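What follows is a single structure, written as structure tokens, with notes after it.
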Amino acid sequence: MIDDKIFDGLNDRQREAVNCLEGPLLVMAGAGSGKTRVLTCRVANLLANGVKPWNILAITFTNKAANEMKSRAAKMIGASAREVWLSTFHSFCARILRADIESIGVRGRSFVIYDTSDSRALIRDILKELDLDDKRFVPSMVHGRISFVKNMLLDVDDFAASLDDEQSSYAYDMKIVEVYREYEKRMLDNNALDFDDLLLFAVRMLEDSPEVLRKYQNRFKYILIDEYQDTNVAQYRLTQLLAAAHHNICVVGDADQSIYGFRGADVGNILSFERDYPEAHVVLLEQNYRSTKMILNAANAVIENNDNRKPKKLWTLNPTGDRITLIEVANERVEARRIVDEITSLRDQKFHFKDIALLYRTNAQSRSLEEAFMSAGVPYVIIGGLKFYDRKEIKDIIAYLRLICNLRDSVSLLRIINAPRRGIGPTTLNKLNQFASNSGLTLFDIISDVEILMRTDLSHKAKQNIYQFAEFILDCINRQHEMSVPDFVLHVLDASGYLPELRSIRTPENEARIENLGEFVNVAKEFIQLDPNGKLDDFLNHIALINDLDNLDDDKDRVSLMTVHSAKGLEFPAVFVTGLEEGLFPHASSMYKEDQLEEERRAAYVAITRAQKKLYLTYAATRMTFGKERANVRSRFIDEIPAQLLNIEPLRRVTVQRSLFDMPTSRPSSGSTTGSSTGSTPRSSKVISFDDAKSARIKPNVNEQWRVGDRARHGKWGEGTITKVAGDGSNAQLTIRFDDASIGEKHLVVQYAPITKI
């Protein structure tokens, strides 16, 4: 009876993995192949074969997954399954450290665990005491660097010894060493561990205390590790130590889905498993239960271009399904509109909004999609992140602009007076607020008047910093009429120090914020294209209306928007993978190193395999970056998919809602129902061809053959000479050197460029 429950419904390969109870086992589980079920059934089978629950250790990456596995195993085998040690890496380490950390004399058993905010607050205090510029040594960045080092199992002395004094970053890193050393001292004084210490000290304890190591090796005779491709150096070492005595270790994962290298995950851990355990048994789970044959064939074709992988090929008994829809569009605004059109079509085919997901490589891409959704009344939710206008950096720049337009806006002033950091802390701001309350003056009245500011109970340095900020705002007020709105936004970002601070330390977090700010400049550029005479206050009204639309009520039937990295582990009946362009996906930061390019391809593989029935791939010929239009070449990942799997929808006439270009000045009535099965009443719309749409400005040239030396006339930039031709046909890219020296060279895609041959 128990065996029936355990093996019921398993395929041959899954059954093989569940039945292999002794020795090392590598389960290379392709996307949608039922790996969680295999892990759960294997735990149940160990128990059914007499293994004591306390002799089993199963590690997952989330508490939710751990609890789910425990619950499923209990249904198969009974209450004994709940006694299995089934937890995350960090929970497991905290538990064994709480019992035995005194064996290595680094902390007492009653240690406290600092979360991320606790750690950053401590680092902030240390930076202040060491008199380090917190514009250059941003607390979150310093914390991230120390965290990465700890996960490489380097203590402060190891880290210092690893630095190369010939590297340009040596002086900076040595300051990080100084902070790290003081941070560790404070943590010791407080008998505290942070999240990274849990792994670091657990490994150290097992390495330095043979008795403790034997204790846990004898206890955990059977070890199972989920998502092994996502393990870092510390997690890998911990696993090795625990399994060294019995070698009864089962790891489950998929090298083709290793996409977290930027967090320290090492795909080499799973790829080297057979080297670490030469006697290992390997099971490939290649049968996919999620996707159609068309989708799987596309995924296989893409990932086969990676060299650093263990070969496998997903297959399925599911229907062949529809071909993958490849949508070529003029720019990101048309991309968003076309996606809305396709979602409308899917709704006609009885798909719910919650059946649909949009995936993108960078968070900044969500902006044009969000605005199209809000305009069309499509309910949506951002998974694993904030909506575009809710992101800190976007709120910050809007606060700058609001204060410039309205000096009485104290809320905006308080938000950005110390962003970027200007040495104006909470104590100073409290004193300013108190002075304003007692005097009846606005905050800006106080900070912009030297005589009034001198009467406040503030230090000379604080007064100096505050007055410099006020002078900057007053200068911006004078300059706003001399520049276009997008140029002015760029000026504020640069002259305030906000953008330079982000660029001073290029971390993934800062790169994402820079991309989001670039997208905000694009918002300003689009606004001025629609209203060439628009001023700053008009622009603020424009984006306020966008946010207002965002407050419309909707039910839980919503389209999901997320980055590819947030989508891992999820699945949807219909998936759109957007922005498939060279430099965006694969990302420009990863295109020139083979290992990073392979990780980008794995991300594309993950994106494709999220789809169950319908898959759409989109790319734009041009895309706005920091207010400048850039010509794009479509992603190599598209070209790696066999043509027979694709249904290519070329540039064509599309229905474009007027509200995409001219936001309504009033909200729908309170009685409207966003996201219902019947849909809300559509706003006024018109059919716009690409020839006359403001968002496209396209003149096809697909019948003309171009060669180096040809002369061309551009509708805007005049005449020029072709200096380079890349590719052929409608997708060819031309480099044109224009006769007007102020224009110089431009890169254009044939089918989108408004050019004619002379």
ask   = In the range 201-211, what count of residues is obtained for those that are under 24 Å from residue 150 (Cβ atoms) and open to solvent by 10 Å² or more (accessible area, probe 1.4 Å)?
value = 5
message = Quick check on my filter: what residues within the range 409-437 are charged (D, E, K, R), farther than 24 Å from residue 538 by Cα and assigned to a helix (DSSP H, G or I)?
response = 431
Among (1) modelled with pLDDT of 95 or more; (2) crowded, with 22+ Cβ neighbours inside 10 Å, the one test that residue 314 misses = (1)
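Residues are listed down the side, and each one gets a yes or a no for (1) surrounded by 17 or more Cβ atoms within 10 Å (Cβ to Cβ); (2) touching a Pro at 6+ places or on another chain (Cβ under 8 Å):
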| residue | (1), (2) |
| --- | --- |
| 239 | yes, no |
| 247 | no, yes |
| 252 | yes, no |
| 256 | yes, no |
| 259 | yes, no |
| 295 | yes, no |
| 305 | no, no |
message = Among the residues of the range 394-408, what is the count of those that are open to solvent by 10 Å² or more (accessible area, probe 1.4 Å) and farther than 16 Å from residue 541 by Cα?
response = 2
key: In the range 41-55, the residues that are polar (S, T, N, Q) and either modelled with pLDDT under 90 or open to solvent by 40 Å² or more (accessible area, probe 1.4 Å) (or both)   = 49
request  = Count, please, the residues in the range 56-92 that happen to be open to solvent by less than 70 Å² (accessible area, probe 1.4 Å) and charged (D, E, K, R).
outcome  = 1
ask   = Do we have residue 470 as surrounded by 18 or more Cβ atoms within 10 Å (Cβ to Cβ), under 14 Å from residue 413 (Cα atoms), more than 41 Å from the chain's Cα centre (by Cα) and not polar (S, T, N, Q) here?
value = no
note = When (1) open to solvent by 10 Å² or more (accessible area, probe 1.4 Å); (2) at pLDDT 95 or above; (3) of a type in the set (S, T, N, Q) are applied to residue 291, the one that fails is (1)
Looking only at the range 134-163, and only at residues there that are outside any helix (DSSP H, G or I) and open to solvent by less than 20 Å² (accessible area, probe 1.4 Å), the one that is farthest from residue 502 (Cα to Cα) = 137
ask   = Just one of the numbered conditions (1) at pLDDT below 90; (2) in a helix (DSSP H, G or I); (3) surrounded by 15 or more Cβ atoms within 10 Å (Cβ to Cβ) is not true of residue 458; which one?
value = (2)
Condition met for residue 171 (modelled with pLDDT of 90 or more, over 17 Å from residue 93 (Cα atoms) and small (Gly, Ala, Ser)) = no
inquiry  = Take the residues in the range 6-28 that are crowded, with 17+ Cβ neighbours inside 10 Å and over 24 Å from residue 55 (Cβ atoms); name whichever of them is nearest to the chain's Cα centre (by Cα).
reply    = 28
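So how many residues does the range 261-286 have that are assigned to a strand (DSSP E or B) and either of a type in the set (Gly, Ala, Ser) or open to solvent by 30 Å² or more (accessible area, probe 1.4 Å) (or both)?
Going through the range 261-286 one residue at a time, the tally reaches 3.
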request  = Take residue 347 and decide whether it is within 25 Å of the chain's Cα centre (by Cα), modelled with pLDDT under 95 and assigned to a helix (DSSP H, G or I).
outcome  = no
query = From the set of residues in the range 93-117 that are out of contact with any Phe, Trp or Tyr (no Cβ under 9 Å at 6 or more places or on another chain) and open to solvent by 40 Å² or more (accessible area, probe 1.4 Å), which is nearest to residue 219 (Cα to Cα)?
reply = 103
task = Identify, by number, the condition in (1) part of a helix (DSSP H, G or I); (2) surrounded by fewer than 16 Cβ atoms within 10 Å (Cβ to Cβ); (3) over 28 Å from the mean Cα position of the chain (by Cα) that residue 121 doesn't meet.
result = (3)
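The values are calculated or read from the model by the stated rules, or taken from the named source; none is laboratory data. Given the structure is predicted, the values throughout are model-derived calculations rather than measurements. Cβ coordinates were reconstructed from backbone atoms using ideal geometry, including for glycine residues, and neighbour counts include every protein chain displayed. Accessible surface is based on the protein model in full, side chains and every heavy atom, while ligands, DNA and RNA are left aside. Shrake-Rupley method; radii C 1.70, N 1.55, O 1.52, S 1.80 Å.
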